[in-house]
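Accompanying notes for the structure given below.
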Amino acid sequence: MSTLVVVGTQWGDEGKGKIVDLLTEYAEVIVRFQGGNNAGHTLVVDGEQFIFHLIPSGILNDDKLCLIGNGVVIDPSIFIQELEGLASRGRPVTADRLRLSLNAHLIMPYHKALDLAREAAKAEGKKLGTTGRGIGPCYDDKIIRNGIKVADLLDSSLFREKLEDNVKEKNFYLTKLLNADPLDPENIYAEFQDYAERLAPFIDNVSILIDDALHSGKNVLFEGAQGTQLDIDHGTYPFVTSSNTVAGAACCGAGIGPSKINRVLGICKAYTTRVGGGPFPTELEDEVGDYLQEKGAEFGATTGRRRRCGWLDGVVLRDAVRINGLDGLAITKLDVLSGLDQINICAEYDISGTRHTCMPGNIREVESIKPIYRTLSGWNEDLSRMRSFDDLPEEARDYLKTIEDMAGTPIMLISVGPNREQTIFLKNPFE
Ligand code: GDP
Ligand code: IMO
Ligand code: MG
C-alpha cells in the first residue's frame, strides 16, 4: 500500500487534473479533501476535454473508487450536474465508484448569495475576485458551527430546523447590510429534499473507506485543489481561498492520520498564473505576459476569466516545498515557453532594499515585492511531441535543472501538452 498527495505549488491551475488522471493508473482510490466547485480540473483523454469541479479527476478510469472527503464543501446541484454530464457523454457513474462523506458541509443558496453580495460591496482593489460559488460563506458557517452537513440531508426534521435558523440570520444580513434580496426557506427545503433523494446512495463514511483500502494494500491518491499560495494560512491572505490547500489538509479533510501519508507531489506550472485579485510579484503586464496567456490558453476552467500570467517564482516554489514537504515536482506546460528569447526565474525578493527568501506575512510588503531574477536562454523548438528528457533542447534542460536546484527537490514528471500521453516520466511518485 502507498499513498500520494498531489498539491498545487502556486496560485492554482497548475495542471493538477491532468497529472491526477495520469497517476490514477497506479492507484485504486482517488480522494478530494478540500475546496469545492471553485476548482476546475481539466483532463484531455483521447482528444476529448473534461472539466471537473467536484468529482475527483480519477473518475474517467472505470475500475477506480472516487471519494469526496469531509473537508470538501459540496454544492449538491453541481454534484448532480457533473454526474449527468458524465452520463450524457457515455460515462455513467453509480455509487459503487463514487462516495461522498457524510461529514462534508453543504453549500446552501444563501452561501452563494452572500459570496456575491460581499464581493459586490467591497471597494475596487479590495475585491478578492472569488469564484462566486459560496465557498467562503460555507466554510464560515462550518467554523462558527452553523453549517449543514451532508448527513443532515438524511434527517429531514433536523435539516429543516437548521435551515430555518440559518435563513433567518442570513436574510437579516443580506437585506439589512448587503442590500441583497432575501431567500425563501420553503423553496430551499423543497429543492434540497430532491437533492437528498439523489445524493443518498452516494453518502458514506469516507474515512472508513480509505482505512479499509489501506488495510487491503491498495494505493490511494489524494487530489488537492487550488494551490499553496491560496491556502488560508500560508497564502497571500486575505487574497486566498477559505480552506487549507496544503498537503497536511489531506489528513483532516479525508479522515486519515499523518503517519498514513507516504509521498507528496507538487504540481508546478513552468511559469505562473493567478486568477482573481491579490498580489502577484512576477506578473508580466506586457507582451510576454500576453504571449503566455494566449499560448497557454490561460482562461479560468471555472469562471472563464482571463488568467494573469508571469515568470516562475522560485520563492513561491521553495515555500511550497517546505510547507507541503514535497518529495518531488511535476513541471507542467513547459511547451508554452517555446519561442521566448530569454526566460526569467525569480530567485529572491527585494522588499524596501532588503533581500527576502520567503513570502512575507504582511500583505503590504507582499504588494511591494520587487523580484530579483535569474535570466536563462530560451528555445524555439516545439516540445509537444517530445517524450524523453534527452529529446528536450539544451536550454529547456538547463531551465529544468535550475528549477530543481532552486527547489531542492527532484522533478519526477514533465508535461508538454494537455493530453495524457504528452508527458515525460522521470520517476513514478508512488515509488
Ligand atoms: P488544475 O486546476 O490545476 O487542474 O489546472 P486547470 O485545468 O485549471 O488548468 C490547466 C490547463 O492547462 C488545462 O486547460 C489543461 O488542459 C492544460 N494543460 C495541462 N498540462 C499542460 C501542458 O503541459 N501543456 C499545455 N499546453 N497545456 C496543459
Ligand atoms: P483549481 O483547483 C485558481 C481563487 C479565486 C479567488 C480566490 C478566492 O482549479 O486550481 P474562492 O471562490 O475560493 O473563495 O475564491 O481563490 N481560486 C482559484 N484560482 N484555481 C482554483 O482552483 C481556484 N479556486 C479558487 O479566483 O482569487
Ligand atoms: Mg483549475
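The values are calculated or read from the model by the stated rules, or taken from the named source; none is laboratory data. Predicted model only: the values in this text are computed from it and were never measured. Glycine also receives a Cβ, built like all others from the backbone with ideal geometry; neighbour counts cover every protein chain displayed.
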Exercise. If you take the residues of segment 332-354 that are among the charged types (D, E, K, R) and under 19 Å from E283 (Cα atoms), which of them is nearest to ligand 2 (Cβ to nearest atom)?
Worked result: K333
Exercise. Quick one: how many residues across segment 261-307 are part of a strand (DSSP E or B), within 16 Å of ligand 1 (Cβ to nearest atom) and either among the polar types (S, T, N, Q) or surrounded by fewer than 19 Cβ atoms within 10 Å (Cβ to Cβ) (or both)?
Worked result: 4
Seminar exercise, completed: Within segment 317-347, the count of residues that are surrounded by fewer than 24 Cβ atoms within 10 Å (Cβ to Cβ) and in contact with a Gly (Cβ under 6 Å, 6 or more places away or on another chain) comes to 8
Exercise. Pick from M386, M412: which is free of Cβ contacts under 8 Å to residues at least 60 places away in the same chain, surrounded by 19 or more Cβ atoms within 10 Å (Cβ to Cβ) and within 15 Å of ligand 1 (Cβ to nearest atom)?
Worked result: M386
Exercise. If we scan segment 200-210, do we find a residue that is within 16 Å of ligand 3 (Cβ to nearest atom), outside any helix (DSSP H, G or I) and under 30 Å from F159 (Cβ atoms)?
Worked result: no
For this session: Return a yes/no flag: does segment 367-388 have any residue that is of a type outside the set (D, E, K, R) and either touching a Lys or Arg at 6+ places or on another chain (Cβ under 6 Å) or part of a helix (DSSP H, G or I) (or both).
Result: no
For this session: Could you check segment 1-116 for strands (runs of 3 or more DSSP E) lying wholly inside it with 2 or more residues that are at pLDDT 95 or above and within 22 Å of T130 (Cα to Cα)?
Result: 3-8, 41-45, 48-52
For this session: Report the residue count in segment 377-426 for those that are within 23 Å of the chain's Cα centre (by Cα) and not polar (S, T, N, Q).
Result: 15
Exercise. So which pairs qualify, if the first residue must be in segment 306-331 and on the phi > 0 side of the Ramachandran plot and within 15 Å of ligand 2 (Cβ to nearest atom), the second must be outside any helix (DSSP H, G or I) and hydroxyl-bearing (S, T, Y), the Cβ gap must be under 8 Å, and the two must be at least 6 apart or on different chains?
Worked result: none
